[in-house]
Amino acid sequence: MVRAFTALLLGLLASPVTSERIDIGGQGVVDLGTFECRDINRSTIVQRVCYEAAHNTLVVASRGVYDQYCGVPPETYAAFMVAPSMGLFLSRNIRTAPDGRYRCEAPDIARRQSAR
């Protein structure tokens, strides 16, 4: 038993560290290496939330599709994470925000991702 555990631990330590890359529908690939990600199990709509505080960028997996939102302030992210209904909060306060304020422009995302 100890040998098996030691072999497993050594195997994990020897594995290459790679960051996760996801496809944002229509906007390209995003590297989640600098994001803080959380799997969500209390929502029927939202499965995963990733936030990058340095650029105020939010990535949300809802119904199996990843969407990215830019310029999301930390206060909005915090409110989203504690909202009684994450799906409703996403729909009302982020996805359909006035003036499309959290919409990401594809060239900005590609430029920032290629600079990493």
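Taken over segment 44-75, the residue count meeting the criterion of being closer than 19 Å to Glu105 by Cβ and not in a strand (DSSP E or B) is 7.
When the residues of segment 87-106 are narrowed to those that are buried (at least 17 other Cβ atoms within 10 Å of the Cβ) and within 24 Å of Gly33 (Cβ to Cβ), which ends up modelled with the lowest pLDDT? Applying the filter and picking the extreme gives Cys104. Residues that are of a type in the set (S, T, N, Q) and touching a Phe, Trp or Tyr at 6+ places or on another chain (Cβ under 8 Å) are absent from segment 59-69. Take the conditions (1) of a type in the set (Gly, Ala, Ser); (2) surrounded by 12 or more Cβ atoms within 10 Å (Cβ to Cβ); (3) over 20 Å from Gly25 (Cβ atoms); Gly71 misses just one of them, which is (3).
Within segment 23-30, the presence of at least one residue that is modelled with pLDDT under 95, of a type outside the set (A, V, I, L, M) and in contact with a helix residue (DSSP H, G or I) (Cβ under 7 Å, 6 or more places away or on another chain) is confirmed. Just one of the numbered conditions (1) surrounded by 14 or more Cβ atoms within 10 Å (Cβ to Cβ); (2) on the phi < 0 side of the Ramachandran plot is not true of Val65; which one? Failed condition: (1).
The values are calculated or read from the model by the stated rules, or taken from the named source; none is laboratory data. Just so it is clear, the structure is predicted and the values come from calculations on it, not from any experiment. Note that we place each Cβ from the backbone using ideal geometry, even for glycine, and neighbour counts take in every protein chain shown.
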